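The values are calculated or read from the model by the stated rules, or taken from the named source; none is laboratory data. Quick caveat, the model's predicted, so the values are computed rather than measured. Counting neighbours? That spans all protein chains shown, and the Cβs are built from the backbone with ideal geometry, glycine included. Ligands, DNA and RNA are stripped out before the accessible areas are found, and what is left, the full protein with its side chains, is counted by its heavy atoms. Shrake-Rupley method; radii C 1.70, N 1.55, O 1.52, S 1.80 Å.
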Amino acid sequence: MYAWIWRHLPGSVPVKVVQAVVLVAVVVTVLLFVVFPWVEPMLPFTDPTLE
Amino acid sequence: MVTTTRIPAQSPPPERPSRLRPVLRGLGEVCITLGLVVLLFVFYELRVTSWFSAREQARATEQLRQRWQHDPADAEEPVDPVAGEGFARLHVPALGPDFPFTVLEGTDQSTLSAGPGHYAESALPGQRGNFAVAGHRAGRMAPFAELDELESCDALVVETDSQWYVYRVLPLRGEVDGWDPEQRGRRCSGVAPIGGPYQGVLGRTVVEPTRREVINPVPGQPRGTVPEQWRSRLITLTTCHPRYSAEKRMIVHGVLTKRYPKVADRPELKPPELGR
(Lines give C-alpha, C1' and ligand atoms only; values in the text may rest on other atoms or scores of the structure.)
Protein backbone atom coordinates (compact mmCIF):
# COMPACT_ATOMS: atom_id res chain seq x y z
CA MET A 1 0.00 0.00 0.00
CA TYR A 2 2.68 2.49 1.03
CA ALA A 3 5.00 1.28 -1.74
CA TRP A 4 2.20 1.76 -4.22
CA ILE A 5 1.59 5.32 -3.01
CA TRP A 6 5.32 6.06 -3.12
CA ARG A 7 5.56 4.83 -6.71
CA HIS A 8 2.66 6.99 -7.77
CA LEU A 9 3.97 10.22 -6.25
CA PRO A 10 5.39 12.33 -9.05
CA GLY A 11 8.82 14.01 -9.10
CA SER A 12 12.27 13.35 -7.66
CA VAL A 13 12.90 11.77 -4.27
CA PRO A 14 13.04 15.02 -2.24
CA VAL A 15 9.80 16.16 -3.87
CA LYS A 16 8.24 12.81 -3.02
CA VAL A 17 9.35 13.10 0.60
CA VAL A 18 7.68 16.51 0.90
CA GLN A 19 4.46 15.17 -0.60
CA ALA A 20 4.51 12.17 1.73
CA VAL A 21 4.90 14.40 4.78
CA VAL A 22 2.01 16.59 3.62
CA LEU A 23 -0.17 13.52 3.09
CA VAL A 24 0.55 12.22 6.60
CA ALA A 25 -0.23 15.67 8.06
CA VAL A 26 -3.54 15.80 6.21
CA VAL A 27 -4.56 12.35 7.45
CA VAL A 28 -3.61 13.20 11.06
CA THR A 29 -5.52 16.48 10.92
CA VAL A 30 -8.65 14.84 9.55
CA LEU A 31 -8.46 12.17 12.26
CA LEU A 32 -7.93 14.63 15.13
CA PHE A 33 -10.45 17.26 14.13
CA VAL A 34 -13.16 15.35 12.28
CA VAL A 35 -13.10 11.60 12.84
CA PHE A 36 -12.19 11.37 16.54
CA PRO A 37 -14.62 14.06 17.77
CA TRP A 38 -17.33 12.22 15.85
CA VAL A 39 -16.42 8.74 17.11
CA GLU A 40 -15.72 9.65 20.71
CA PRO A 41 -19.24 10.15 22.11
CA MET A 42 -20.03 6.59 21.08
CA LEU A 43 -17.20 5.16 23.19
CA PRO A 44 -17.63 4.40 26.90
CA PHE A 45 -14.50 6.08 28.24
CA THR A 46 -15.28 9.49 29.51
CA ASP A 47 -18.72 9.95 31.03
CA PRO A 48 -18.23 11.25 34.58
CA THR A 49 -21.92 11.82 35.31
CA LEU A 50 -24.39 9.58 37.05
CA GLU A 51 -27.00 7.90 34.91
CA MET B 1 43.09 -34.91 -22.94
CA VAL B 2 41.58 -33.23 -20.13
CA THR B 3 37.96 -33.04 -19.94
CA THR B 4 36.36 -30.61 -17.76
CA THR B 5 32.89 -30.97 -16.75
CA ARG B 6 31.31 -27.66 -16.76
CA ILE B 7 28.44 -27.07 -14.62
CA PRO B 8 26.37 -24.39 -16.14
CA ALA B 9 26.10 -21.37 -13.88
CA GLN B 10 22.84 -21.72 -12.14
CA SER B 11 20.52 -18.87 -11.99
CA PRO B 12 18.67 -18.55 -8.69
CA PRO B 13 15.44 -20.47 -8.71
CA PRO B 14 12.88 -18.36 -10.40
CA GLU B 15 10.68 -16.51 -7.94
CA ARG B 16 7.35 -18.10 -7.77
CA PRO B 17 5.01 -15.47 -8.94
CA SER B 18 3.17 -15.44 -5.63
CA ARG B 19 -0.15 -13.72 -5.52
CA LEU B 20 -0.18 -14.04 -1.79
CA ARG B 21 2.81 -11.86 -1.02
CA PRO B 22 1.40 -8.44 -1.96
CA VAL B 23 -1.84 -9.31 -0.19
CA LEU B 24 0.00 -10.27 3.00
CA ARG B 25 2.13 -7.15 2.85
CA GLY B 26 -0.92 -4.99 2.35
CA LEU B 27 -2.61 -6.66 5.33
CA GLY B 28 0.45 -6.07 7.51
CA GLU B 29 0.56 -2.43 6.51
CA VAL B 30 -3.11 -1.99 7.30
CA CYS B 31 -2.61 -3.53 10.75
CA ILE B 32 0.35 -1.27 11.53
CA THR B 33 -1.63 1.73 10.31
CA LEU B 34 -4.61 0.86 12.51
CA GLY B 35 -2.27 0.51 15.50
CA LEU B 36 -0.89 3.98 14.83
CA VAL B 37 -4.43 5.37 14.53
CA VAL B 38 -5.34 3.89 17.93
CA LEU B 39 -2.21 5.44 19.45
CA LEU B 40 -3.17 8.76 17.89
CA PHE B 41 -6.64 8.39 19.41
CA VAL B 42 -5.15 7.93 22.88
CA PHE B 43 -3.12 11.09 22.33
CA TYR B 44 -6.28 12.88 21.17
CA GLU B 45 -8.30 11.69 24.15
CA LEU B 46 -5.74 12.69 26.78
CA ARG B 47 -4.10 15.78 25.27
CA VAL B 48 -5.92 17.27 22.29
CA THR B 49 -9.29 17.37 24.08
CA SER B 50 -7.58 19.30 26.88
CA TRP B 51 -6.46 21.96 24.41
CA PHE B 52 -10.03 22.42 23.16
CA SER B 53 -11.33 22.42 26.73
CA ALA B 54 -8.79 24.97 27.92
CA ARG B 55 -10.11 27.41 25.33
CA GLU B 56 -13.74 26.82 26.31
CA GLN B 57 -12.93 27.05 30.02
CA ALA B 58 -11.07 30.33 29.47
CA ARG B 59 -14.04 31.71 27.56
CA ALA B 60 -16.48 30.68 30.31
CA THR B 61 -14.23 32.24 32.95
CA GLU B 62 -13.94 35.49 31.03
CA GLN B 63 -17.74 35.70 30.58
CA LEU B 64 -18.26 35.04 34.27
CA ARG B 65 -15.75 37.72 35.24
CA GLN B 66 -17.47 40.27 33.04
CA ARG B 67 -20.89 39.36 34.38
CA TRP B 68 -19.66 39.72 37.97
CA GLN B 69 -18.11 43.09 37.14
CA HIS B 70 -21.13 44.55 35.41
CA ASP B 71 -23.74 43.09 37.70
CA PRO B 72 -23.04 44.30 41.22
CA ALA B 73 -23.47 41.34 43.52
CA ASP B 74 -26.60 41.18 45.61
CA ALA B 75 -26.08 38.92 48.59
CA GLU B 76 -29.83 38.50 49.06
CA GLU B 77 -30.38 37.12 45.60
CA PRO B 78 -29.24 33.56 44.98
CA VAL B 79 -27.11 32.90 41.92
CA ASP B 80 -29.16 32.31 38.82
CA PRO B 81 -27.33 29.85 36.55
CA VAL B 82 -27.94 29.78 32.80
CA ALA B 83 -27.59 26.38 31.11
CA GLY B 84 -24.15 25.94 29.56
CA GLU B 85 -22.68 29.06 31.16
CA GLY B 86 -20.39 29.50 34.13
CA PHE B 87 -21.88 30.70 37.41
CA ALA B 88 -19.31 29.85 40.12
CA ARG B 89 -15.64 29.11 40.65
CA LEU B 90 -14.41 25.97 42.37
CA HIS B 91 -11.12 26.26 44.28
CA VAL B 92 -9.50 23.12 45.69
CA PRO B 93 -6.18 24.16 47.24
CA ALA B 94 -5.24 20.54 48.01
CA LEU B 95 -5.24 19.69 44.30
CA GLY B 96 -2.67 22.27 43.36
CA PRO B 97 -2.27 24.89 40.69
CA ASP B 98 -4.73 23.54 38.09
CA PHE B 99 -7.52 25.05 40.13
CA PRO B 100 -9.70 27.13 40.25
CA PHE B 101 -12.13 26.01 37.57
CA THR B 102 -15.25 27.82 36.45
CA VAL B 103 -18.30 25.62 37.13
CA LEU B 104 -20.93 25.63 34.40
CA GLU B 105 -24.62 24.85 34.59
CA GLY B 106 -25.58 21.41 33.28
CA THR B 107 -23.94 18.02 32.85
CA ASP B 108 -24.35 17.29 29.13
CA GLN B 109 -21.17 16.34 27.26
CA SER B 110 -20.64 19.71 25.60
CA THR B 111 -20.96 21.59 28.90
CA LEU B 112 -18.62 19.18 30.66
CA SER B 113 -16.00 19.64 27.95
CA ALA B 114 -15.73 23.28 29.06
CA GLY B 115 -15.28 22.46 32.74
CA PRO B 116 -16.97 20.96 35.80
CA GLY B 117 -20.75 20.96 35.43
CA HIS B 118 -23.50 21.44 38.01
CA TYR B 119 -26.32 18.87 38.09
CA ALA B 120 -29.15 21.25 37.28
CA GLU B 121 -31.67 19.62 39.65
CA SER B 122 -29.33 19.79 42.65
CA ALA B 123 -29.00 22.64 45.14
CA LEU B 124 -27.04 25.84 44.46
CA PRO B 125 -23.89 26.75 46.40
CA GLY B 126 -24.63 27.44 50.05
CA GLN B 127 -28.21 26.19 49.92
CA ARG B 128 -29.58 23.44 52.11
CA GLY B 129 -29.34 20.15 50.27
CA ASN B 130 -26.65 18.98 47.91
CA PHE B 131 -24.64 21.13 45.50
CA ALA B 132 -23.57 18.41 43.02
CA VAL B 133 -20.90 18.84 40.36
CA ALA B 134 -19.53 16.41 37.73
CA GLY B 135 -16.09 16.64 36.16
CA HIS B 136 -13.80 14.66 33.87
CA ARG B 137 -11.07 12.50 35.34
CA ALA B 138 -9.03 11.99 32.15
CA GLY B 139 -8.82 14.26 29.12
CA ARG B 140 -10.69 17.56 28.72
CA MET B 141 -8.38 19.20 31.26
CA ALA B 142 -9.40 16.48 33.73
CA PRO B 143 -10.45 18.88 36.49
CA PHE B 144 -11.23 15.98 38.84
CA ALA B 145 -8.21 13.83 37.88
CA GLU B 146 -6.86 13.69 41.42
CA LEU B 147 -10.08 13.47 43.37
CA ASP B 148 -8.78 10.22 44.87
CA GLU B 149 -6.05 12.19 46.67
CA LEU B 150 -8.44 14.33 48.70
CA GLU B 151 -8.38 13.70 52.42
CA SER B 152 -10.96 14.41 55.05
CA CYS B 153 -11.21 18.11 55.94
CA ASP B 154 -9.60 19.28 52.66
CA ALA B 155 -11.24 22.54 51.63
CA LEU B 156 -13.56 22.74 48.60
CA VAL B 157 -14.14 26.47 48.19
CA VAL B 158 -16.98 27.69 45.97
CA GLU B 159 -16.92 31.32 44.88
CA THR B 160 -20.14 32.92 43.66
CA ASP B 161 -20.83 36.53 42.69
CA SER B 162 -21.37 37.54 46.29
CA GLN B 163 -20.03 34.80 48.58
CA TRP B 164 -17.23 32.40 49.38
CA TYR B 165 -18.50 29.04 50.61
CA VAL B 166 -15.96 26.81 52.33
CA TYR B 167 -16.97 23.15 52.20
CA ARG B 168 -14.73 20.47 53.68
CA VAL B 169 -14.47 16.78 52.80
CA LEU B 170 -16.36 14.56 55.25
CA PRO B 171 -14.60 11.81 57.24
CA LEU B 172 -13.49 8.93 55.03
CA ARG B 173 -14.33 5.27 55.48
CA GLY B 174 -12.38 4.02 58.47
CA GLU B 175 -12.23 7.44 60.08
CA VAL B 176 -15.89 7.65 61.01
CA ASP B 177 -15.64 5.45 64.09
CA GLY B 178 -13.84 7.33 66.81
CA TRP B 179 -13.81 10.67 64.96
CA ASP B 180 -12.64 13.17 67.55
CA PRO B 181 -12.98 16.82 66.48
CA GLU B 182 -10.68 17.90 69.33
CA GLN B 183 -7.87 15.76 68.04
CA ARG B 184 -8.34 16.75 64.44
CA GLY B 185 -7.53 20.38 65.10
CA ARG B 186 -8.84 23.65 63.69
CA ARG B 187 -8.63 22.51 60.09
CA CYS B 188 -11.46 20.11 60.77
CA SER B 189 -13.73 22.41 62.75
CA GLY B 190 -17.25 21.87 61.52
CA VAL B 191 -16.42 18.47 60.03
CA ALA B 192 -17.79 15.35 61.68
CA PRO B 193 -19.83 12.35 60.66
CA ILE B 194 -23.40 13.61 60.31
CA GLY B 195 -25.87 11.33 62.01
CA GLY B 196 -29.50 10.57 61.29
CA PRO B 197 -30.40 10.21 57.62
CA TYR B 198 -26.78 11.08 56.78
CA GLN B 199 -25.42 7.91 58.30
CA GLY B 200 -23.22 6.26 55.70
CA VAL B 201 -22.46 9.50 53.85
CA LEU B 202 -18.67 9.31 53.61
CA GLY B 203 -16.02 11.70 52.36
CA ARG B 204 -15.22 9.46 49.42
CA THR B 205 -16.89 6.40 47.92
CA VAL B 206 -16.90 4.47 44.65
CA VAL B 207 -20.34 3.52 43.34
CA GLU B 208 -22.04 2.10 40.25
CA PRO B 209 -22.95 4.74 37.64
CA THR B 210 -26.63 4.04 38.25
CA ARG B 211 -26.50 5.17 41.88
CA ARG B 212 -27.89 8.60 41.11
CA GLU B 213 -29.24 8.92 44.65
CA VAL B 214 -25.81 10.11 45.84
CA ILE B 215 -26.69 13.54 44.45
CA ASN B 216 -30.09 13.65 46.14
CA PRO B 217 -30.58 16.48 48.67
CA VAL B 218 -29.71 13.94 51.36
CA PRO B 219 -27.34 11.48 49.64
CA GLY B 220 -28.81 8.00 49.49
CA GLN B 221 -32.25 9.05 50.73
CA PRO B 222 -35.21 9.35 48.36
CA ARG B 223 -36.08 12.93 47.48
CA GLY B 224 -38.53 14.63 49.79
CA THR B 225 -38.18 12.24 52.72
CA VAL B 226 -36.16 14.70 54.80
CA PRO B 227 -37.77 18.11 55.38
CA GLU B 228 -35.72 21.01 54.07
CA GLN B 229 -34.97 22.56 57.46
CA TRP B 230 -33.31 19.33 58.60
CA ARG B 231 -31.01 19.10 55.62
CA SER B 232 -27.31 19.86 55.88
CA ARG B 233 -25.54 21.95 53.25
CA LEU B 234 -23.43 19.51 51.26
CA ILE B 235 -21.26 19.53 48.17
CA THR B 236 -20.88 16.40 46.02
CA LEU B 237 -18.27 15.89 43.31
CA THR B 238 -18.66 13.01 40.84
CA THR B 239 -16.14 11.68 38.34
CA CYS B 240 -15.11 8.51 36.49
CA HIS B 241 -13.48 5.61 38.27
CA PRO B 242 -11.05 4.03 37.72
CA ARG B 243 -9.19 6.70 35.80
CA TYR B 244 -9.36 6.20 32.00
CA SER B 245 -12.53 4.18 32.39
CA ALA B 246 -16.18 4.92 33.01
CA GLU B 247 -17.02 1.66 34.71
CA LYS B 248 -17.78 3.22 38.08
CA ARG B 249 -18.05 6.66 39.63
CA MET B 250 -15.98 8.22 42.38
CA ILE B 251 -18.04 10.36 44.73
CA VAL B 252 -16.68 12.98 47.14
CA HIS B 253 -18.97 14.54 49.74
CA GLY B 254 -18.18 17.69 51.70
CA VAL B 255 -20.08 19.77 54.21
CA LEU B 256 -20.35 23.56 54.42
CA THR B 257 -18.24 24.84 57.30
CA LYS B 258 -17.90 28.56 56.61
CA ARG B 259 -19.23 31.39 54.53
CA TYR B 260 -17.57 34.72 53.81
CA PRO B 261 -19.46 37.52 52.05
CA LYS B 262 -17.45 39.17 49.31
CA VAL B 263 -16.47 42.77 49.87
CA ALA B 264 -17.32 44.71 46.72
CA ASP B 265 -14.57 47.32 47.20
CA ARG B 266 -11.88 44.76 48.03
CA PRO B 267 -12.07 42.07 45.36
CA GLU B 268 -8.56 40.92 46.26
CA LEU B 269 -9.74 39.66 49.65
CA LYS B 270 -9.74 35.87 49.70
CA PRO B 271 -10.64 33.34 52.36
CA PRO B 272 -7.65 32.16 54.42
CA GLU B 273 -8.54 28.60 53.36
CA LEU B 274 -7.13 29.34 49.91
CA GLY B 275 -3.68 30.06 51.31
CA ARG B 276 -1.43 32.60 49.68
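Go through segment B:212-241 and report how many residues are farther than 10 Å from residue B:197 by Cα, part of a helix (DSSP H, G or I) and open to solvent by 50 Å² or more (accessible area, probe 1.4 Å).
Residues that pass the stated criteria total 4.
Please specify each residue of segment A:1-17 satisfying the condition of being within 17 Å of residue B:30 (Cα to Cα), of a type in the set (A, V, I, L, M) and part of a helix (DSSP H, G or I). Spell out how you get there, then give the answer.
Going through segment A:1-17, the residues within 17 Å of residue B:30 (Cα to Cα) turn out to be A:1-6.
After this cut, where a residue has to be of a type in the set (A, V, I, L, M) as well, the list is A:1, A:3, A:5.
Result: A:3, A:5.
Residue-by-condition table, conditions (1) of a type outside the set (S, T, N, Q); (2) within 14 Å of chain A (Cβ to nearest Cβ):
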site	(1), (2)
B:191	yes, no
B:201	yes, no
B:206	yes, yes
B:218	yes, no
B:221	no, no
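Would you mention how many residues in segment B:178-210 are touching a residue at least 40 places away in the same chain (Cβ under 8 Å) and open to solvent by 40 Å² or more (accessible area, probe 1.4 Å)?
Step one: list which residues in segment B:178-210 are touching a residue at least 40 places away in the same chain (Cβ under 8 Å), which gives B:189-191, B:194, B:201-209.
Next, from what is left, pick out any that are open to solvent by 40 Å² or more (accessible area, probe 1.4 Å): B:189-190, B:194, B:204, B:206, B:208.
Number of matching residues: 6.
Within segment B:260-276, count every residue that is surrounded by fewer than 14 Cβ atoms within 10 Å (Cβ to Cβ) and outside any loop (DSSP other than H, G, I, E, B).
We begin by selecting, within segment B:260-276, every residue surrounded by fewer than 14 Cβ atoms within 10 Å (Cβ to Cβ); these are B:261, B:263-269, B:272, B:275-276.
Pick out the ones that are also outside any loop (DSSP other than H, G, I, E, B) and you get B:261, B:272.
Count: 2.
Determine if segment A:18-36 includes at least one residue that is in contact with a Gly (Cβ under 9 Å, 6 or more places away or on another chain) and assigned to a helix (DSSP H, G or I).
We begin by selecting, within segment A:18-36, every residue in contact with a Gly (Cβ under 9 Å, 6 or more places away or on another chain); these are A:18-19.
Keeping just the survivors that are assigned to a helix (DSSP H, G or I) gives A:18-19.
Within segment A:18-36, one or more residues are in contact with a Gly (Cβ under 9 Å, 6 or more places away or on another chain) and assigned to a helix (DSSP H, G or I).
State all residues of segment B:129-181 that are within 14 Å of another protein chain (Cβ to nearest Cβ) and more than 15 Å from the chain's Cα centre (by Cα); if no residue qualifies, say none. Quick ask: steps written out before the conclusion?
Filtering segment B:129-181 for residues within 14 Å of another protein chain (Cβ to nearest Cβ) gives B:130, B:132-148.
Matches in segment B:129-181: B:130 only.
List the number of the failed condition for residue B:151; all other conditions in (1) closer than 14 Å to residue B:254 by Cβ; (2) open to solvent by less than 40 Å² (accessible area, probe 1.4 Å); (3) part of a loop (DSSP other than H, G, I, E, B) hold.
(2)
Specify the residue that is nearest to the other protein chains (Cβ to nearest Cβ); the eligible residues are those in segment B:249-259 that are crowded, with 16+ Cβ neighbours inside 10 Å and of a type outside the set (A, V, I, L, M, F, W, C).
Restricting attention to segment B:249-259, the residues satisfying the condition of being crowded, with 16+ Cβ neighbours inside 10 Å are B:249-258.
Going one step further and asking which of them are of a type outside the set (A, V, I, L, M, F, W, C), we end up with B:249, B:253-254, B:257-258.
Values: B:249: 6, B:253: 14, B:254: 17, B:257: 25, B:258: 28 Å.
For segment B:249-259, the residue satisfying everything is B:249.
Identify, from the list B:37, B:42, B:23, the residue that is at pLDDT 95 or above and either of a type in the set (Asp, Glu) or farther than 22 Å from residue B:163 by Cα (or both). Full working, then the answer.
Numbers: B:42 fails: at pLDDT 95 or above; B:23 fails: at pLDDT 95 or above.
When all the criteria are applied, what remains is B:37.
Could you tell me whether any residue of segment B:143-156 is of a type in the set (A, V, I, L, M) and touching a His at 6+ places or on another chain (Cβ under 6 Å)? First the steps, then the outcome.
Step one: filter segment B:143-156 for residues of a type in the set (A, V, I, L, M), giving B:145, B:147, B:150, B:155-156.
This time we only want the ones that are touching a His at 6+ places or on another chain (Cβ under 6 Å), so: none.
No: segment B:143-156 contains no residue that is of a type in the set (A, V, I, L, M) and touching a His at 6+ places or on another chain (Cβ under 6 Å).
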